[in-house]
1. Looking at the stretch 376-493, what strands (runs of 3 or more DSSP E) fall wholly within it and have at least 2 residues that are buried (at least 24 other Cβ atoms within 10 Å of the Cβ)?
2. Quick check: anything in the stretch 216-223 surrounded by fewer than 22 Cβ atoms within 10 Å (Cβ to Cβ), touching a Gly at 6+ places or on another chain (Cβ under 9 Å), not charged (D, E, K, R) and not in a loop (DSSP other than H, G, I, E, B)?
3. Need pairs with beta-carbon distance below 8 Å; first residue under 19 Å from VAL378 (Cβ atoms) and aromatic (Phe, Trp, Tyr) and within the stretch 335-358, second assigned to a strand (DSSP E or B) and modelled with pLDDT under 95; sequence gap 6+ or separate chains.
4. For the condition modelled with pLDDT under 95 and in contact with a Lys or Arg (Cβ under 9 Å, 6 or more places away or on another chain), what is the one hit in GLU288, GLU260?
5. Among the residues of the stretch 267-277, are any more than 20 Å from ILE335 (Cβ to Cβ), of a type outside the set (Phe, Trp, Tyr) and part of a strand (DSSP E or B)?
6. List the pairs whose first member sits in the stretch 282-310 and is closer than 17 Å to ASP401 by Cβ, whose second member is at pLDDT 95 or above and among the acidic types (Asp, Glu), and whose Cβ atoms are under 6 Å apart, counting only residues at least 6 apart or on separate chains?
7. Out of the stretch 139-151, which residues are more than 11 Å from ALA120 (Cβ to Cβ) and crowded, with 16+ Cβ neighbours inside 10 Å?
8. Loosely packed, with under 14 Cβ neighbours inside 10 Å, polar (S, T, N, Q) and closer than 21 Å to PRO259 by Cβ - does that describe any residue in the stretch 294-309?
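The values are calculated or read from the model by the stated rules, or taken from the named source; none is laboratory data. This structure is a prediction, so every number in the text was calculated from the model and none was measured. Note that we place each Cβ from the backbone using ideal geometry, even for glycine, and neighbour counts take in every protein chain shown.
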Amino acid sequence: MIAGTNRYPQARGPTPSDARPIGPLRPDKRSTWPHPISHHTHHFLNVSITPPHLVPLKKKKQKQKTHAPRTYTGPWRELRFSLAGVAAAISKNGGSAGAEPAKSRVLVLGGTGRVGGSTAVALSKLLPDLRILVGGRNREKGVALVSKLGENSEFVEVNIDDASILEAALKDVDLVVHAAGPFQCKEKCTVLEAAISTKTAYVDVCDDTDYAWRAKGFHKEAIAAGVPAITTAGIYPGVSNVMAAELVRAAKSENAGEPERLRFFYYTAGSGGAGPTILATSFLLLGEDVIAYNKGKQIKLKPYSGGLTIDFGKGVKKKDVYLLNLPEVRSAHEILGVPTVSARFGTAPFFWNWGMQAVVNFLPPDILRDKKKVQKLVELIDPLVRAIDGIAGQQVSMRVDLECSKGRNTLSLFTHRNLSISVGFSVAAFALAVLEGSTQPGVWFPEEPEGIAVEAREVLLDRAAQGTVNFIMNKPPWMVETDPKEIGLGIYV
């Protein structure tokens, strides 16, 4: 592929919501995908192509039912592919590729919260016939959500700290989505253990490094049980990991040299409309030393330090971002083999960043590591956060930058107007990928090809990008930034 060519152009024809899995999740559990597979754009599928030639798109714009306007750059092309070819590619990578499965049942834990509720809504939109179980402890909220989702959903009262109740809830469930955070300071992976015990596929939205690698410690048990599991499968980490993996893969395939530095930049307006749980997660992260990598060596840095001003492209422009301890840093370093990796986050209005720095500088780390004390702090400032969110909005943007040894710099960009909606579609994209059989037994990070098969990445990213206003893959910075620098003769950097 030519450097800078768009890997994910807007597709003609059916959207990902028309796709079906190419194989059952596993023979002993029921699953469903009643729709015909989409003739979606697949530029890097190693499959049987029919016909074997590129079909250029007509200039006439195509209406899309499931996508809000968003920016794709580069030529629009389409490859038509056969269902058998895609199934063969996924099967070769270790996923299932059998007969069409029966109806699936998905349990969303934390379903009455902001992330879990958004995930349930996104799943119902991407696949209306999917059976969705909303799991949580607040029956009133659960019943209210179920009434909106429709007849294919129901509320299940679940306490994830009670193993017997949890395992009973997983009976006859094909996939469990664990969105009951926060994951910081958790000593056990109770939901993952129950999923392995009941042979139920698993996805979580963990954003804590220690918990993620604790989950990874159950890899052998999951393989032995034949259970596919993905940890850190949210928006960031999650979708950002897959974006990074594709940048690295493109660089290697195009002989751009060895990947040398990978940087994750995240921006959210206000709290992004986040609920108290996500707000608590932010404070708990401020109590952790930042783990980053510099030329292969692990280094520890102060949280919310090392500020940079980053251009997130049109609609967002330049924002200040600061170091945070996020799990994609270690997983990208170890799995993708990039020697220098870091992650930064910023918010708006600007005084929220000052407030985060003040919390780090003036509150003892012991308080920030105590979940009960952090929860009291969240209850205290939550009304103020809600009031400012009404002014700041809920915009979210992710920028992933890769620098290679031969001097090539590329990035990927993902911007959505609403974090809550976007995180729902992101988690749902991972859930559907597992149901489709693209995940091998074991516990995987999103960037591992055994977790999300390379052939399945494009569909996953396109599902996650529902409603994005700017979604760009594998471009030089000057093509994305709002104020590129010209060094002469029409050359930009």
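1. Working: elements: 396-404, 409-416, 442-444, 470-475, 486-488.
Of the strands (runs of 3 or more DSSP E) lying wholly inside the stretch 376-493, those with at least 2 residues that are buried (at least 24 other Cβ atoms within 10 Å of the Cβ) span 396-404, 409-416, 442-444, 470-475.
2. yes
3. Sorted first by the residue in the stretch 335-358, then by its partner, the pairs are PHE345/THR268.
4. Details: GLU260 fails: modelled with pLDDT under 95.
Checking each option against the conditions leaves just GLU288.
5. Residues of the stretch 267-277 that are more than 20 Å from ILE335 (Cβ to Cβ), as a first pass: 267-277.
Now drop any that are not of a type outside the set (Phe, Trp, Tyr), which leaves 268-277.
Keeping just the survivors that are part of a strand (DSSP E or B) gives 268-269.
Yes, some residue in the stretch 267-277 is more than 20 Å from ILE335 (Cβ to Cβ), of a type outside the set (Phe, Trp, Tyr) and part of a strand (DSSP E or B).
6. Correct list of pairs: GLY307/ASP320; THR309/ASP320.
7. Answer for the stretch 139-151, where residues must be more than 11 Å from ALA120 (Cβ to Cβ) and crowded, with 16+ Cβ neighbours inside 10 Å: just LYS141.
8. Yes; the residues of the stretch 294-309 include at least one that is loosely packed, with under 14 Cβ neighbours inside 10 Å, polar (S, T, N, Q) and closer than 21 Å to PRO259 by Cβ.
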